[in-house]
Structure formats: structure tokens, C-alpha cells
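Data block below; observations after.
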Amino acid sequence: MNLQLQASRSQLQGLKRIVDLGKDKLVALMQVLSGVESTPLRPEALIQLATDVVGADDAEPLVRQLVSIHGIKRQSGLGVDEVVRALRVAIEPQAEEHGIDVQRWIEIEETFKQLVETTSVRITTKALELSYDYANLLRRSKFITDIRPLYNEEGDHIDAAVVSYTLRLRYETADGEHELSLALDDADVRELHDECLRAMTKAKAAKEFLNAPTKLPNIVSGENDA
């Protein structure tokens, strides 16, 4: 399989920051990630570890590139060598425009590949993928509360009104974004509220169960506490 990658402007900017970090800082980060006691499961946790080594400004773009490249590796079924080689091919035509020293990139490539292959990056990437690996992925939800007037026979006077709820869901599938609107009544809203609280309680119980006997690292999909 001949992998072809396209590097966006933001990705090229991130790669420039990685090149500018130099090999020594990347090696230092690899040592930190290799020696971490608790495997991070969220990009935010990886960013915090990287911040201690490379600084806050460079940690986020570095982690984003590591997770992205490992994700491409998993999805393509190729080895890290092939994926990083394809990345270099994508960089080279635009390197000068974005201030990327290709020779310096070649010098850090091996260390970058080793970072991509660390357990911390591998587990974080897989956890992120599994958190959102569903046929329908919710992107946004909101309640719309309407006042619907009841008119008289002539239509020139409002006799009464009904307050109604609409739950609007925006979700994504393989063929793009879709929207679904559901009419709810007061009992539906209360039941949905109770079910949401119950779901969060069950998630907390599941985490406590995993933490106690197994001490297995775990997260709830989308939680952002580090």
C-alpha cells in the first residue's frame, strides 16, 4: 500500500514546532513517557506530561501530531516507518514556505517514530478512537422551549398557550452530519433528566469497580478531568 498524506497548514505549523524543539527534548520526553507509572488515557494527560519537558506552547501540537500519526498507522495497517516516510513526502514540497528545515526533520525522525510507538501514545490513541467508534456520533444537543398560542376562531386573538419542548440532536454518521428533532412533554424531560443522572451514577460505579480490584486504568468517554 502506497500511503499518500496531505499536510494542512495547521499540521505544518505543528511539525515546524516539533523540528524546532530539537532531538534532545524529544529524547527527554521519550524517557518520561517510557517511565510513566500510570498510563495516560486522554490527550490532556499526555499534554501535561509533555508540558513538563517541552513547555506549554509546544506540548499540545506535539501530542496532537503523535496521536494523529499513530491513528493513521492503526487505520492504514502500515508500520510507523511507512507512515512517517509518507509524512516527510507531504512536508517536503511546502517545507520552505512554512520554515521547516527538512534536514533537521530527518535528524529527529527516528526519535519521533519512537515517540509514536510508546505505550502512552498507543493507549491514548486507542482509547480516543474507541470512545467515539460508533455508527452515530452526537455532535450537539439542545432543548428548545416554545410557547405555542391557541387562537380564537377568527385568528385575531390569543385565547391560551401551550409550552412545549423540542430536543434537537445534531449527529454525525459515515455520510456526514444530520439533525433530528424530537417533541417532548414535561414527563419526558423529567425522565430524560433522571436517566442522565442515573447514567453518570452508573459510570462512577463502573470506574470504582475497575479501580478497586484490578486498578485497571479507565476513563469515561469524553471526561476531561486530568
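The values are calculated or read from the model by the stated rules, or taken from the named source; none is laboratory data. Bear in mind that the values here come from a model prediction, so they are computed numbers and not experimental data. In this analysis, Cβ positions are derived from the backbone assuming ideal geometry, glycine residues included, and neighbour counts consider all displayed protein chains. Surface areas here come from the heavy atoms of the whole protein model, side chains and all, with no ligands, DNA or RNA. Shrake-Rupley method; radii C 1.70, N 1.55, O 1.52, S 1.80 Å.
For segment 115-127, the set of residues classified as part of a helix (DSSP H, G or I), open to solvent by less than 70 Å² (accessible area, probe 1.4 Å) and in contact with a helix residue (DSSP H, G or I) (Cβ under 9 Å, 6 or more places away or on another chain) consists of LEU115, VAL116, SER120, VAL121, THR124, THR125, listed by residue number. Of all residues in segment 163-178, those that are within 10 Å of ASN136 (Cα to Cα) and open to solvent by 90 Å² or more (accessible area, probe 1.4 Å) have Cβ atoms under 9 Å from Cβ atoms of residues that are outside any strand (DSSP E or B) and of a type in the set (A, V, I, L, M, F, W, C), 6 or more apart or on another chain, in ALA174/ALA135. Output yes when any residue across segment 74-87 is among the hydroxyl-bearing types (Ser, Thr, Tyr) and more than 17 Å from the chain's Cα centre (by Cα), and no when none is. Within segment 74-87 (the criterion being among the hydroxyl-bearing types (Ser, Thr, Tyr) and more than 17 Å from the chain's Cα centre (by Cα)), the answer is yes, since at least one residue qualifies.
Just to check your reading of the model, which residue among LEU5, LEU78, LEU41 is at pLDDT 90 or above and out of contact with any Cys (no Cβ under 6 Å at 6 or more places or on another chain)?
Details: LEU5 fails: at pLDDT 90 or above; LEU41 fails: at pLDDT 90 or above.
Of LEU5, LEU78, LEU41, the one residue that is at pLDDT 90 or above and out of contact with any Cys (no Cβ under 6 Å at 6 or more places or on another chain) is LEU78.
Of all the numbered requirements in (1) open to solvent by less than 60 Å² (accessible area, probe 1.4 Å); (2) out of contact with any Gly (no Cβ under 9 Å at 6 or more places or on another chain), SER141 misses one, and that requirement is (1).
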